[in-house]
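Novice: Quick one: the structure is below, questions incoming.
The values are calculated or read from the model by the stated rules, or taken from the named source; none is laboratory data. Since we're looking at a predicted model, the values are computed, not measured. In this analysis, Cβ positions are derived from the backbone assuming ideal geometry, glycine residues included, and neighbour counts consider all displayed protein chains. Quick note on the areas: whole protein, heavy atoms, side chains included, nothing else; ligands and nucleic acids left out. Shrake-Rupley method; radii C 1.70, N 1.55, O 1.52, S 1.80 Å.
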Amino acid sequence: MTRYLGDEWTLPGINDATRAWFTSGRLKVQRCDDCRTWQHPPDEICGGCQGNRLSFAECGEAGRIESFVVVHRAVHPALEDRIPYAVALVSLDDAPGVNAIGNVLNAAPDELAIGQRVRAVFEEVSQPEGGEVLRIPQWELIREAR
Amino acid sequence: MQGRAAVAGVGESVYYMRGKSPDSEFQLACTAIRNAVADAGLELTDIDGFVSYMDQRNDPLRLAHALGLKELRWAATTWAGGGNNAAGAVQIADAAVCAGYAKHVVAFRALAQGQFGRFGRPRGIGGRAEGDMAWKAPYGLLSPAQECALHTKRFMHDHAISQEALCDIALACYANAQRNPRAIRYGQPLTREKYHASRWIVEPFHLYDCCPENDGAAAIIVTSTERARDLLNTPVPIVAAAQGLGPKYGFSAFQGRWFPGMFYTSVGEAIWQRSGAKPADIDVLQLYENFTGPVMMTLCEMGFCAPEEVESFVADGALEGPDAKLPFNTAGGNIGEAYIHGFELVTEAVRQVRGESTCQVSDVSLSLVVAGPGYAPGSAVLFGVL
Ligand SMILES: [Zn+2]
């Protein structure tokens, strides 16, 4: 699978904070074991109850476009042949208050609108250097049947 | 606070386009500080404190030795962030002077991007994206312009705001810069047609919605209002200053609690509560425009108008020139004068109280600086008259 911004484009560093989101192939968000607050990005203390019993819980794959921008000026040479590209902010239906950055893979920038329904898809990146396989959450418009 | 400390002097280096300064960043800093000291009628040996903000490379001990200080009683910087703490630095100087820890504190900012590389360049690319960038860079969200555009897009959608509102803010900065020979954009007027014809950087920001990047330095001297009375220039008292709560980093700012927002509501509340003033009392406003969209949002959060009113609030030249409904960024601001991370807004706010602006508003008694929107903690400082 070719990534939205090209296979050579920057990948996320994988650590305890990012592993669940970028490798599980599911939408997994940090949640407090005690007060059930969703917390994104993850941290070491729950901002809801100040507890430190936190784990990653799975959300459903449906979301909504809260905002988006269309990038016309590449700020890195590797993106020169990718412009114009769009970056969206997507809210997760199952985790109120949690928003994710992503790209909408099945739509041109000028097809996007705030309020559109999307579902998660995953860009799989196997690591040539032998690191962990990444499954980067991305989005697809749910197109209305005509 | 409450006018007990005051700005006794202001100074700047020459402002240059990014990478064009013949002087190093440290030399620029020293020039601005020397100019501010001379403006106050002080000697360098009177200075006993330094405050700055951001990733300030010109550390206070190096400055103290270069400038021949006899004492260094106060050295401090704000936490992280960017231009959001341009006014927070003044607040720290104010606190030090009011507490009596130091007598003459310099607050300043210097940057030379030819020497140190561009501040606005995207970080976290080349290799893996770490920290805050891990959540953004893999998706191509890399620069402050793109992040602020994401907030602005939603705000415009929610409140039915057109592109003209952004244009009006850019036009005001350019128009005011035409009166200021120090301004980088002096002699380069902007028209509505030219604005709309300019290329997109990241929708909804055209080229002219974005401030340039510059080299230069600006500084002020904060001392007690009592001491300042005996110096060369009219003291400009610090009436109130504030920092405020906001999200942790850029990506946290996109979460439901904060999005869309510029994190200035609590800063505004503190300024109005501490000063007893209200937005309508402000005679002249300097508001950090990294980009035009955040200006519009911050005007609303500070209480100048409601989101539904902001398009008409900025329309028809309402921000332009000394006789504007709300005189704004009267030296040209980041967009028109120079991007010294907002410290050029602080020096301009002081000049307005002293009656020395190139776009002088008449009878200024309250002159407000609102620092960089979109990154936290935000900050603001209100200057008054004796
Ligand atoms: Zn909790």
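Novice: What single numbered condition from (1) more than 18 Å from the chain's Cα centre (by Cα); (2) more than 16 Å from the ligand (Cβ to nearest atom); (3) open to solvent by 50 Å² or more (accessible area, probe 1.4 Å) fails to hold for A:V75?
Specialist: (3)
Novice: Among the listed residues B:W272, B:W258, identify the single one that is more than 14 Å from every other protein chain (Cβ to nearest Cβ), open to solvent by 20 Å² or more (accessible area, probe 1.4 Å) and aromatic (F, W, Y). Reasoning before the result, please.
Specialist: Numbers: B:W258 fails: more than 14 Å from every other protein chain (Cβ to nearest Cβ).
Just a single option satisfies the conditions, and that option is B:W272.
Novice: OK, next. Report those strands (runs of 3 or more DSSP E) wholly inside the range A:85-144 carrying at least 2 residues which are facing chain B (nearest Cβ under 9 Å).
Specialist: Strands (runs of 3 or more DSSP E) meeting the threshold: A:85-92, A:99-102, A:134-141.
Novice: Just the residues that are small (G, A, S) and either exposed (fewer than 15 other Cβ atoms within 10 Å of the Cβ) or over 18 Å from B:Q27 (Cα atoms) (or both), please, taken from the range B:50-93.
Specialist: B:G68, B:A75, B:A76, B:A80, B:G81, B:G82, B:G83, B:A86, B:A87, B:G88, B:A89, B:A93 - these are the residues of the range B:50-93 that are small (G, A, S) and either exposed (fewer than 15 other Cβ atoms within 10 Å of the Cβ) or over 18 Å from B:Q27 (Cα atoms) (or both).
Novice: Looking at the range A:1-22, which of its residues are out of contact with any strand residue (DSSP E or B) (no Cβ under 9 Å at 6 or more places or on another chain) and crowded, with 16+ Cβ neighbours inside 10 Å?
Specialist: Residues of the range A:1-22 that are out of contact with any strand residue (DSSP E or B) (no Cβ under 9 Å at 6 or more places or on another chain), as a first pass: A:6, A:8-9, A:15-16.
Correct list: A:W9 only.
Novice: Taking only the range B:2-27 into account, find how many residues are within 30 Å of B:A96 (Cα to Cα) and either more than 19 Å from the chain's Cα centre (by Cα) or open to solvent by less than 30 Å² (accessible area, probe 1.4 Å) (or both).
Specialist: Matching residues across the range B:2-27 total 17.
Novice: Would you call B:A277 over 19 Å from the mean Cα position of the chain (by Cα), among the aliphatic types (A, V, I, L, M), open to solvent by 10 Å² or more (accessible area, probe 1.4 Å) and away from chain A (no Cβ under 14 Å)? First the steps, then the outcome.
Specialist: Values: over 19 Å from the mean Cα position of the chain (by Cα): yes; among the aliphatic types (A, V, I, L, M): yes; open to solvent by 10 Å² or more (accessible area, probe 1.4 Å): yes; away from chain A (no Cβ under 14 Å): yes.
When the stated conditions are applied, B:A277 passes them.
Here's the yes/no breakdown for (1) at pLDDT below 95; (2) out of contact with any Ser or Thr (no Cβ under 8 Å at 6 or more places or on another chain); (3) part of a strand (DSSP E or B):
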position	(1), (2), (3)
B:P138	no, no, no
B:E164	no, yes, no
B:K194	no, yes, no
B:A218	no, no, yes
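Novice: Is one or more of the residues making up the range B:343-350 of a type outside the set (A, V, I, L, M), in contact with a Lys or Arg (Cβ under 9 Å, 6 or more places away or on another chain), within 30 Å of B:R18 (Cα to Cα) and surrounded by fewer than 18 Cβ atoms within 10 Å (Cβ to Cβ)?
Specialist: no
Novice: Looking at the range A:23-52, which of its residues are away from every other protein chain (no Cβ under 12 Å), surrounded by fewer than 16 Cβ atoms within 10 Å (Cβ to Cβ) and within 8 Å of the ligand (Cβ to nearest atom)?
Specialist: Matches in the range A:23-52: A:D33, A:D34, A:C35, A:R36, A:C49, A:Q50, A:G51.
Novice: Quick test of your reading of the structure: B:G276 fulfils all but one of (1) in contact with a strand residue (DSSP E or B) (Cβ under 8 Å, 6 or more places away or on another chain); (2) under 30 Å from B:D323 (Cα atoms). Name the failing condition by number.
Specialist: Exception for B:G276: condition (1).
Novice: Also, I was wondering about something else. Is it true that some residue in the range B:264-286 is over 28 Å from B:Q2 (Cα atoms) and modelled with pLDDT of 95 or more?
Specialist: No: zero hits.
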